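Before any comments, here is the structure.
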Amino acid sequence: MAFSAWRGIAGIIHPTLRPGALEEFIRLLPEGIGVLPLFTNIRKGTREEFATVMGAYETQIALLAEQGCDAIHPNGAPPFMVHGLKGEADIVSGWEKKYKTPIFTAGQNHITALRALKVKSIIGATYFPGEINNTFAQYFRDAAFEVRCMEGVDVPFNKAQELSGEQVYAHIKHHFLKHGGADAIYMLGSGWRTLHIIDLLERDLGVPVVHPVPARVWEFQKRLHVNEPRTGYGHLLATLPALP
């Protein structure tokens with residue numbers, strides 16, 4: 001038996017048990033959109049772990065599809081980006097055919113948001129250290145974006161939520177200026193608590209910021225045919241451009 005919500009149901013699968021992103025997502029959604037949240041249990045945040053969790057995601061997708069969600073969002077960009085742009089698209093296409101429900105990943109959502117904002121070049125920031133950032137950068141290059149940098153903060157995976165907004169702001173601003181700017185700033189990952197610096201970055205650096213939480217709120221609104229702008233969380237959510 002499936003339940004209902006009067007403006008539609010958003011199914012979302014979070015990759016970890018980290019608090020924060022789900023609460024932010026629900027607070028920013030318009031009234032009347034129901035949320036069915038499920039979780040996988042990624043713990044280490046390594047490439048090896050990311051490559052092994054598709055089965056866990058599919059189990060939760062099957063349950064959300066059974067509940068009649070209007071769209072399903074398997075959240076967590078890295079577990080899909082490590083499969084590459086085409087590999088991710090093949091996985092999602094197979095799930096959509098099997099479960100007969102629209103599905104979009106975090107990476108697909110971010111690409112869609114950047115295209116809706118007419119972005120050609122990005123400065124990327126993550127909370128992942130090391131070479132995996134090259135994989136993230138290549139994912140966006142394969143989607144035809146110029147990636148001027150994809151710079152990670154060196155922080156333990158289970159501590160990303162403890163980074164201050166001031167630390168993240170300084171990290172992004174430093175690399176934005178170092179690399180000569182770009183059409184937009186891209187923030188990979190929902191682990192950090194950084195909604196409050198989006199407007200500040202946009203004002204100071206003069207370009208839009210694509211942050212995972214407002215981006216998924218934007219796309220769910222569009223997919224559910226809802227149109228309620230929110231100010232204070234960046235240009236994307238304030239203007240609600242059409243899905244490209």
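The values are calculated or read from the model by the stated rules, or taken from the named source; none is laboratory data. Since the structure is predicted, the reported quantities are computational estimates derived from the model, not experimental observations. We place every Cβ from the backbone using ideal geometry, glycine too, and count neighbours over all the protein chains shown.
Could you run through the range 89-146 and say how many residues are buried (at least 17 other Cβ atoms within 10 Å of the Cβ), under 27 Å from A65 (Cα atoms) and of a type in the set (S, T, Y)?
Number satisfying all stated conditions: 4.
Given the structure, is K86 surrounded by fewer than 19 Cβ atoms within 10 Å (Cβ to Cβ) and more than 18 Å from A144 (Cβ to Cβ)? Can you show your working first?
Values: surrounded by fewer than 19 Cβ atoms within 10 Å (Cβ to Cβ): yes; more than 18 Å from A144 (Cβ to Cβ): no.
Against the criterion (surrounded by fewer than 19 Cβ atoms within 10 Å (Cβ to Cβ) and more than 18 Å from A144 (Cβ to Cβ)), K86 does not qualify.
Return the pair list, or none, for Cβ contacts closer than 6 Å from residues in the range 106-129 that are closer than 13 Å to L188 by Cα to residues that are in a helix (DSSP H, G or I) and β-branched (V, I, T), at least 6 apart or on different chains.
A125/I172
So, in the range 20-59, of the ones that are under 14 Å from W95 (Cα atoms) and under 18 Å from the mean Cα position of the chain (by Cα), which residue ends up surrounded by the most Cβ atoms within 10 Å (Cβ to Cβ)?
Among those residues, the one meeting the criterion is Y57.
Mind listing just one residue for me: the one in the range 207-244 that is of a type in the set (D, E, K, R) and in a loop (DSSP other than H, G, I, E, B) and, of those, nearest to A77 (Cα to Cα)?
As a first pass, look at the range 207-244 and keep what is of a type in the set (D, E, K, R): 216, 219, 222-223, 228, 230.
Adding the requirement that they be in a loop (DSSP other than H, G, I, E, B) leaves 228, 230.
Working: E228: 25, R230: 24 Å.
Ranking the candidates gives R230 first.
Take A89 and tell me if it is at pLDDT 95 or above, closer than 29 Å to E166 by Cα and not in a loop (DSSP other than H, G, I, E, B).
no
Which residue is surrounded by the most Cβ atoms within 10 Å (Cβ to Cβ), if the candidates are limited to the range 193-244 and must be touching a strand residue (DSSP E or B) at 6+ places or on another chain (Cβ under 9 Å) and over 20 Å from K118 (Cα atoms)?
Here the answer is T194.
For C149, only one of the following conditions fails: (1) under 20 Å from A71 (Cβ atoms); (2) without any contact (Cβ under 8 Å) to a residue 40 or more places away in the chain; (3) not hydroxyl-bearing (S, T, Y). What is its number?
Here C149 meets the rest and fails (1).
Give the range 77-86 a look and list any residue that's at negative phi and outside any loop (DSSP other than H, G, I, E, B), or say none.
A77, P78, P79, F80, M81, L85, K86
Give just the number: which of (1) in contact with a strand residue (DSSP E or B) (Cβ under 8 Å, 6 or more places away or on another chain); (2) surrounded by fewer than 14 Cβ atoms within 10 Å (Cβ to Cβ) does A170 not satisfy?
The number of the failed condition is (1).
Just checking: which of the helices (runs of 4 or more DSSP H) contained wholly in the range 100-206 hold 1 or more residues that are touching a Phe, Trp or Tyr at 6+ places or on another chain (Cβ under 7 Å)? Give the steps one after another, and end with the answer.
Numbers: elements: 106-116, 132-142, 165-178, 198-205.
The helices (runs of 4 or more DSSP H) meeting that bar are 106-116, 165-178, 198-205.
I need every pair where a residue in the range 221-238 that is over 22 Å from M187 (Cβ atoms) has its Cβ under 7 Å from the Cβ of a residue that is surrounded by 15 or more Cβ atoms within 10 Å (Cβ to Cβ) and polar (S, T, N, Q), sequence separation at least 6 or different chains.
Close Cβ pairs (under 7 Å, with a partner that is surrounded by 15 or more Cβ atoms within 10 Å (Cβ to Cβ) and polar (S, T, N, Q)) amount to N227/Q221; E228/Q221.
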